[in-house]
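Notes follow once the structure below has been shown.
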There are 2 protein chains.
Amino acid sequence: MALIVQKYGGTSVGSLDRIRNVANRIKALRDEGNQVVAVVSAMGGVTDKLIGMATELTSSPAEREMDVLLSTGEQQSIALVVMALHELGIDAVSVTGRQAGIRTTGSHTRGRINSIDPDLMNGYLKDGKVIICAGFQGLREDGMIHTLGRGGSDLSAIAVASALKADVCQILTDVDGVYTSDPRVVKDARKLPEISYDEMLEMASTGTKVMQSRSVEFAKKYGVVFEVRSSLNNNPGTIVTEEHDQMEAVVIRGVSIERSQARVTITGIPDEPGMSATILCCLAEAEINIDMIVSNIAYDGLARHSFTMHSNDLGRAQAALKPVLATLGGNSEVLTEAGIAKLSCVGIGMRSHSGVAAQMFKALGEAGVNIGMITTSEIKISVTVEEHQIEDAARVVHTAFELDKAPVV
Amino acid sequence: MALIVQKYGGTSVGSLDRIRNVANRIKALRDEGNQVVAVVSAMGGVTDKLIGMATELTSSPAEREMDVLLSTGEQQSIALVVMALHELGIDAVSVTGRQAGIRTTGSHTRGRINSIDPDLMNGYLKDGKVIICAGFQGLREDGMIHTLGRGGSDLSAIAVASALKADVCQILTDVDGVYTSDPRVVKDARKLPEISYDEMLEMASTGTKVMQSRSVEFAKKYGVVFEVRSSLNNNPGTIVTEEHDQMEAVVIRGVSIERSQARVTITGIPDEPGMSATILCCLAEAEINIDMIVSNIAYDGLARHSFTMHSNDLGRAQAALKPVLATLGGNSEVLTEAGIAKLSCVGIGMRSHSGVAAQMFKALGEAGVNIGMITTSEIKISVTVEEHQIEDAARVVHTAFELDKAPVV
């Protein structure tokens, strides 16, 4: 008998039929003798409908009230899933974020989990009940209803698994697991049986959007091993866990791609302290997420900074940078380039292997793919390429590192 | 400056346009310098939709989960009303039943209000905020979400008015106030400027369903004066208050009617202690609400009991009484009659006036209306008549007591 925490997303509970399907899956686990806690999201579409009503009433709904409004979505789905379980004869009970003891902190609509008081849930488990817990929500220190922002239900599930010392934590989603690359692009992409937290984090931040980084970070911090698997079948998914020695035998775990990127380059920056901060602050104030940052001194002794961002943000970035340019001494220019994409190789094995970059660049060169910017982290190498070449680039790099073949360990 | 507690029902917040209308009404009170706390119901139709989903999943949804599910309706409407107020520049904040400090007791879906801890609301009022409070819900002693059953939002409003020591409590509804009789039946029915709690209670229990009795009882117990008025216009409504001397000058306050009644008569009951209890218990166990009870000893020395109930319950009542008949000695019969209606005259003045019944029966007799059962309370006389005669009966009694004319006091 194991204690299994599962998370079902909005698509998995998107209709009464799907809710029945979730109930049947939980019953199957129960019938095998397991204890089950399922964290569920709002029914697909409900959150968007509520947001639509709010924005029809006011162009900028107060975040406190958005939390009150949106948290009802999960509260409805927990009750409905419990009812479907009762219909199957399963003793089940719902808990809201508050009742689950999920205590949060931070601004409205962007809560962080502070602690979990699992007493009520532990009592229910002791009584043999299945627990259906509302994801995405908690109670703030001041007694206010608090939602956790994007990816919040994953975070709830991992936190609950940690607090209850669950044996298994499963994030059930509409993909089968984490792949070596996007299977729609790279036909021979392979589902990974396991991946380390750090690799998962780098994969998430480089376009493989199975989960938000914050949930993976939380799992890493509290050592919660979890599995990403499909809610539509019973295939094993991908285990996300601490790295171990065998993992390092694999140099590259996966190749991820991110499209619709744009580059902004600022030239002629005086080589003085504080210049980079000035530029980055004005982009941060405009709430523009920048990704890669490359900086170098040009031949004229003036610095040039290049950033990448989503191409949707390019116009706003140009507007935000205009007032800064004036302060840079008159020699500065803002150059922009849209239509680029990012290709990243991720793997904890690259720490102990030299020549990974060489191998990657060689494969790209042989395929006639020109490399724009390059950045590296300890376990990742990212490059920008022309967007129209990104799929070819992914395929040749995937093949170069033999990711289509299961590693021999 | 007054502290005004208002209650808006589901129809009043039934669409985003109506929510904007409520916001405008609250703004008008605010602009006059008042403090406002509005208790709101779920948007019209939302509760029914949620019940529909629940009953599609299971034929008998668990009441605990119904509370979790249905309480989301009010939680959505409070957030939306606050957003509409923000759009008008009004500083407003929502509170759920839990945050309003409404502590409840009793079974799920049928909560009773135990106490209110108004600290959070008082703080908000001190900060000059308008408060929008979720009706129909509270927090049970054990931390569970609890709904208050039918008429729950009225109850919330009256309890909140009491806890906050409000100057005014307004129950805004889709009727203009309490009338001397149903204006659809009695064309010259008159809106009452005021009515006593006891009269209101008797009117509510005899078919003038402006409010559930429990809310009126609660108001009476805690001395909360409230006004029933329309949410669609600004006409003065009916003040419900303690009786005072002037009220007694009016013998009959109103004439109410209740249709679709049925009578069940059990004959041949041995005249022994406990017989009535046996019969009533079996009806209570079958959850059949009985209204009038008339009992008498017949010529044969055996008793006969007659009850009235809604005609929808007649079949279930017959089934429930079957096993009891056998225990009554074999001489008993169950006689039933559907197609009757109840007519009641209500007025605290009748306490101090004799001859009210005589005047009522005379009017009915002159109109050729035959009287079936009769019951009386201190401030009410009820009779049953053939359903097809109920409208005529109401009109002649209404005229006999000159209810079409404003009383001279």
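Can you tell which of A:Gly223, A:Gly254 is surrounded by fewer than 22 Cβ atoms within 10 Å (Cβ to Cβ) and farther than 22 Å from A:Thr11 by Cβ? If you could, list the steps in order and put the result at the bottom.
Working: A:Gly254 fails: surrounded by fewer than 22 Cβ atoms within 10 Å (Cβ to Cβ).
Residue meeting the stated conditions: A:Gly223.
Looking at A:Ile171, A:Ile158, which is the one that is in contact with a helix residue (DSSP H, G or I) (Cβ under 7 Å, 6 or more places away or on another chain), away from chain B (no Cβ under 14 Å), closer than 15 Å to A:Tyr8 by Cα and assigned to a helix (DSSP H, G or I)?
Numbers: A:Ile171 fails: assigned to a helix (DSSP H, G or I).
Residue meeting the stated conditions: A:Ile158.
B:Asn21 passes all but one of (1) of a type outside the set (Phe, Trp, Tyr); (2) within 14 Å of chain A (Cβ to nearest Cβ); (3) closer than 26 Å to B:Asp167 by Cβ; (4) crowded, with 24+ Cβ neighbours inside 10 Å; which number fails? Among (1) of a type outside the set (Phe, Trp, Tyr); (2) within 14 Å of chain A (Cβ to nearest Cβ); (3) closer than 26 Å to B:Asp167 by Cβ; (4) crowded, with 24+ Cβ neighbours inside 10 Å, the lone unmet condition for B:Asn21 is (4). Residue count for region A:311-359 satisfying the condition of being free of Cβ contacts under 8 Å to residues at least 40 places away in the same chain and under 28 Å from the mean Cα position of the chain (by Cα): 4. Considering B:Thr72, B:Thr104, B:Thr96, the condition of being free of Cβ contacts under 8 Å to residues at least 40 places away in the same chain and among the polar types (S, T, N, Q) is satisfied by B:Thr72 alone.
The residue that is surrounded by the most Cβ atoms within 10 Å (Cβ to Cβ), counting only those in region B:72-92 that are of a type in the set (A, V, I, L, M, F, W, C) and more than 7 Å from every other protein chain (Cβ to nearest Cβ), is B:Leu85.
Tell me, please, whether a residue that is facing another protein chain (nearest Cβ under 7 Å) and touching a Lys or Arg at 6+ places or on another chain (Cβ under 7 Å) can be found in region A:51-71. Within region A:51-71, not a single residue is facing another protein chain (nearest Cβ under 7 Å) and touching a Lys or Arg at 6+ places or on another chain (Cβ under 7 Å).
Give me the strands (runs of 3 or more DSSP E) completely within region B:194-289, filtered to those with at least 3 residues that are in contact (Cβ under 8 Å) with a residue 60 or more places away in the chain and within 23 Å of the chain's Cα centre (by Cα), ordered by residue number.
On the way: elements: B:194-196, B:226-230, B:238-241, B:254-269.
In region B:194-289, the matching strands (runs of 3 or more DSSP E) lie at B:254-269.
Taking first residues from region B:364-390 that are without any contact (Cβ under 8 Å) to a residue 24 or more places away in the chain and partners that are aromatic (Phe, Trp, Tyr), the Cβ contacts under 9 Å between residues at least 6 apart in sequence or on separate chains come to B:Ile371/B:Phe361. The number of residues in region B:364-409 that are basic (Lys, Arg) and in contact with a helix residue (DSSP H, G or I) (Cβ under 8 Å, 6 or more places away or on another chain) comes to 1. When region B:1-20 is filtered for residues that are in contact (Cβ under 8 Å) with a residue 12 or more places away in the chain and farther than 16 Å from B:Val175 by Cα, the ones remaining, listed by number, are B:Met1, B:Ala2, B:Leu3, B:Ile4, B:Val5, B:Ser15, B:Leu16, B:Ile19, B:Arg20. If I filter region B:125-137 for residues that are out of contact with any helix residue (DSSP H, G or I) (no Cβ under 7 Å at 6 or more places or on another chain) and either at pLDDT below 95 or within 14 Å of chain A (Cβ to nearest Cβ) (or both), do I get at least one hit? Yes, because at least one residue in region B:125-137 is out of contact with any helix residue (DSSP H, G or I) (no Cβ under 7 Å at 6 or more places or on another chain) and either at pLDDT below 95 or within 14 Å of chain A (Cβ to nearest Cβ) (or both). Does region B:109-128 include one or more residues that are in contact with a His (Cβ under 7 Å, 6 or more places away or on another chain), of a type outside the set (Phe, Trp, Tyr) and surrounded by 19 or more Cβ atoms within 10 Å (Cβ to Cβ)? Yes, there is a match, as at least one residue in region B:109-128 is in contact with a His (Cβ under 7 Å, 6 or more places away or on another chain), of a type outside the set (Phe, Trp, Tyr) and surrounded by 19 or more Cβ atoms within 10 Å (Cβ to Cβ).
Spot the failing condition for B:Arg103; the list is (1) of a type in the set (Lys, Arg); (2) within 12 Å of chain A (Cβ to nearest Cβ); (3) under 22 Å from A:Gly97 (Cβ atoms), and only one is missed. It fails just one condition, (2).
The values are calculated or read from the model by the stated rules, or taken from the named source; none is laboratory data. Fair warning: this is a prediction, and the values are worked out from it, not measured in the lab. Backbone-built Cβ (ideal geometry, glycine too); neighbour counts: all protein chains shown.
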